[in-house]
Number of protein chains: 2
Amino acid sequence: MARIKEVAKWAGVSVASVSRVLAGHAGVSEVTRQRVLEAVKALDYRPDLAARRLRSRRTDTIGLIVSDIRNPFFTEISRAVEDVAYQHQMRVILGNADENPEKEALYLDLMRDENVTGVILSPTLPTLAGFRADDYPFPIVLVDRCERETVADAVVLDNVDAAYRLTAHLIEQGHRRNLFFYGTTSATGRQRQEGYTAAMAAHGLEAQVEAVLATVDAARAAATARLNDRPLPDALIASSGLILLGLTEALQEAGLRFPGSIALAGFDDMPWTRLVEPGITVIAQPTYDLGQAAIELLLQRIAQPEKARRRVVLRGELRERGSSAKRGV
Amino acid sequence: MARIKEVAKWAGVSVASVSRVLAGHAGVSEVTRQRVLEAVKALDYRPDLAARRLRSRRTDTIGLIVSDIRNPFFTEISRAVEDVAYQHQMRVILGNADENPEKEALYLDLMRDENVTGVILSPTLPTLAGFRADDYPFPIVLVDRCERETVADAVVLDNVDAAYRLTAHLIEQGHRRNLFFYGTTSATGRQRQEGYTAAMAAHGLEAQVEAVLATVDAARAAATARLNDRPLPDALIASSGLILLGLTEALQEAGLRFPGSIALAGFDDMPWTRLVEPGITVIAQPTYDLGQAAIELLLQRIAQPEKARRRVVLRGELRERGSSAKRGV
DNA sequence: AGGCTTGATGTAAACGATTACAAATTATTT
DNA sequence: AAATAATTTGTAATCGTTTACATCAAGCCT
């Protein structure tokens with residue numbers, strides 16, 4: 001394996017010149033530049049990243065901490081982050097925190113050990129409480145989950161608005177007794193619940209909410225329990241994709257068809273929401289865009305550490321499908 | 001930020017002793033061990049990973065190269081790999097090669113630059129052709145895709161067997177004219193096609209196969225075209241989750257119900273295969289186990305480079321659902 | 001008691017790059 | 001043509017560890 005020393009010797013220049021050429025620094029003549037490039041090619045030289053990182057104190061690595069990569073929402077975000085990162089010759093280290101604040105802290109620690117250039121984080125509520133980006137030795141961009149106050153750069157959906165529109169749509173379709181299921185561990189659940197409640201109130205309807213763990217199983221169990229209510233709710237609303245899956249399973253197990261027996265709607269457009277007949281009405285999140293925006297915001301923050309905090313808010317898209325069809329009178 | 005030097009001074013020992021204690025090396029007395037540990041805690045010392053990696057020439061990092069993390073199959077594999085890796089204090093670098101051999105080569109190059117300890121790779125067919133693990137400066141474990149010859153450590157499904165069983169099941173249910181869709185870019189498609197063909201032949205039936213790009217869109221388009229055939233096939237079989245999704249969409253768009261108009265079955269059990277009524281019959285792959293086996297195999301290979309090559313073969317599980325129900329005579 | 005292991009510790013040389021600084025060369029100005 | 005500025009190059013220090021090797025003390029054996 002060739003080292004910078006040998007490249008320098010081959011090209012008949014000093015190691016400094018080689019380093020300068022490879023770093024793209026100015027102040028090196030065209031003739032040596034060419035000679036160095038030739039030597040690099042001839043020897044198939046690859047700079048040793050460990051050495052570079054040690055001396056330069058830059059790792060060109062960013063950390064991505066999410067709850068679970070298997071959640072399609074985060075899968076897509078991770079893909080976006082990786083795409084952009086690699087375009088900028090940066091690496092990504094992923095952490096699955098499983099909605100567990102301790103694991104989040106653990107991974108943040110690990111990111112410190114790795115001396116990452118920056119972190120993208122989708123925090124649980126406990127971590128978010130009292131969170132200050134300044135407490136960390138690297139820039140942090142929050143994604144998906146963030147309280148109102150601008151305590152860190154963030155990229156989020158307009159959750160209140162999206163939930164409002166989804167709920168209003170159901171009401172317009174004649175569904176009045178709508179039961180809202182939301183996850184307890186993330187800030188989005190709360191915000192979406194707010195939007196739901198506001199929409200209900202705006203139409204003079206009483207809000208009914210059910211807080212559950214943000215997992216498929218918990219949602220299914222909670223829904224199954226509520227399906228014994230009489231009269232049945234007009235509609236179930238899920239504040240996330242995992243919960244929507246749980247509700248759908250519960251309805252199917254209970255033998256309830258939608259929208260005939262009960263209407264259904266929720267967040268996140270997944271492959272199957274179109275497929276489950278007659279299609280499930282959802283708010284589609286611009287997931288890839290969220291991830292892309294997050295890393296681009298992070299890269300900007302890295303380039304300009306003193307710039308004012310920013311908060312990017314994206315809008316969800318209502319996709320009307322059969323599951324919310326008009327209620328017969 | 002504390003350095004090893006300061007820890008040594010605080011503890012009243014040499015840097016060598018500190019290093020030895022932290023590396024867990026033998027030959028250090030209990031009293032200095034304790035003193036060093038105390039100092040580490042007091043100064044909140046974290047060894048600099050770049051320096052460590054430079055000097056020790058070990059990165060404790062493994063590379064994972066798959067086609068697309070958004071394919072649930074690989075999402076799950078990646079989660080398994082990361083879980084085990086972190087348990088062993090190792091990092092994971094992910095590469096999405098998008099079924100593109102050039103990108104695969106690019107990521108393999110990148111892994112070399114990163115001086116990774118090992119790589120887990122799910123190669124395309126072109127990369128697999130003439131692939132030799134020995135050509136790389138790190139151990140490689142193939143996952144999911146691998147030709148017969150043992151040219152590298154590998155963890156795969158028994159694809160021929162699984163496809164055979166799936167096809168045989170359909171035939172037993174009375175479906176005789178079964179059309180098999182498989183992806184052209186991966187070795188699994190071929191192997192599954194073999195199993196399918198063998199099962200058809202064993203029952204005196206003629207195989208009918210359709211090779212498509214392994215994407216949802218390509219599968220949907222190909223299926224839509226074939227749905228004009230008269231008479232219709234008795235059943236469609238998909239050789240992968242993405243293709244199965246495409247077929248399902250095509251059937252739904254064509255207004256064909258299964259198993260009434262046509263039966264359906266395929267590979268990969270996904271959240272929605274249960275949900276799309278009356279449920280889709282699939283071969284469930286032990287995805288997490290595949291990933292886990294792959295990294296464990298890799299770790300063993302790293303520990304014992306000279307050990308004989310190994311090939312782990314896992315078995316798929318047939319999950320019978322409504323979509324393959326008995327055909328009325 | 002003196003030589004010989006054994007075990008614990010310290011010293012200093014790596015690892016392979018980047019980069020501050022000095023030196024050398026060339027171009028520009030007066 | 002000398003003085004000055006600008007550009008290009010090289011030397012050597014440095015990043016923070018690990019680890020080969022030397023050293024030293026203590027225990028054991030004859």
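The values are calculated or read from the model by the stated rules, or taken from the named source; none is laboratory data. Note that the structure is a prediction, hence the values are computed from the model and not measured. Ideal geometry is used to build each Cβ from the backbone, glycine not excepted, and the neighbour counts take in all protein chains shown.
Observations on the model:
- Any hit, region A:276-299, residues being modelled with pLDDT under 95 and either in contact with a strand residue (DSSP E or B) (Cβ under 7 Å, 6 or more places away or on another chain) or crowded, with 20+ Cβ neighbours inside 10 Å (or both): yes
- Filter result (farther than 21 Å from A:ASP134 by Cα, in contact (Cβ under 8 Å) with a residue 40 or more places away in the chain and within 10 Å of another protein chain (Cβ to nearest Cβ)) within region A:81-116: A:ASP83
- The residue that is surrounded by the most Cβ atoms within 10 Å (Cβ to Cβ), counting only those in region A:1-27 that are within 7 Å of DNA strand D (Cβ to nearest atom) and hydroxyl-bearing (Ser, Thr, Tyr), is A:SER17.
- Taken over region B:191-212, residues that are under 19 Å from the mean Cα position of the chain (by Cα) and free of Cβ contacts under 8 Å to residues at least 40 places away in the same chain amount to 1.
- Scoring A:ALA42 on the criteria (1) more than 36 Å from the chain's Cα centre (by Cα); (2) closer than 17 Å to A:ILE302 by Cβ leaves a single failure, condition (2).
- Test: A:ILE77 is at pLDDT 95 or above and either more than 11 Å from chain B (Cβ to nearest Cβ) or on the phi > 0 side of the Ramachandran plot (or both): no
- Scan of region A:47-68 for residues that are assigned to a loop (DSSP other than H, G, I, E, B), crowded, with 19+ Cβ neighbours inside 10 Å and more than 16 Å from DNA strand D (Cβ to nearest atom), ordered by number: A:SER67
- Qualifying residue in region B:29-46 (condition: within 25 Å of A:LEU49 (Cα to Cα), outside any helix (DSSP H, G or I) and more than 9 Å from DNA strand C (Cβ to nearest atom)): yes
- Against the conditions (1) among the hydrophobic types (A, V, I, L, M, F, W, C); (2) within 14 Å of another protein chain (Cβ to nearest Cβ); (3) in contact with a helix residue (DSSP H, G or I) (Cβ under 8 Å, 6 or more places away or on another chain), A:LEU236 satisfies every one except (2).
- Conditions (1) touching a residue at least 40 places away in the same chain (Cβ under 8 Å); (2) buried (at least 20 other Cβ atoms within 10 Å of the Cβ); (3) more than 12 Å from the chain's Cα centre (by Cα); (4) away from chain A (no Cβ under 11 Å); number of the one not met by B:CYS146: (3)
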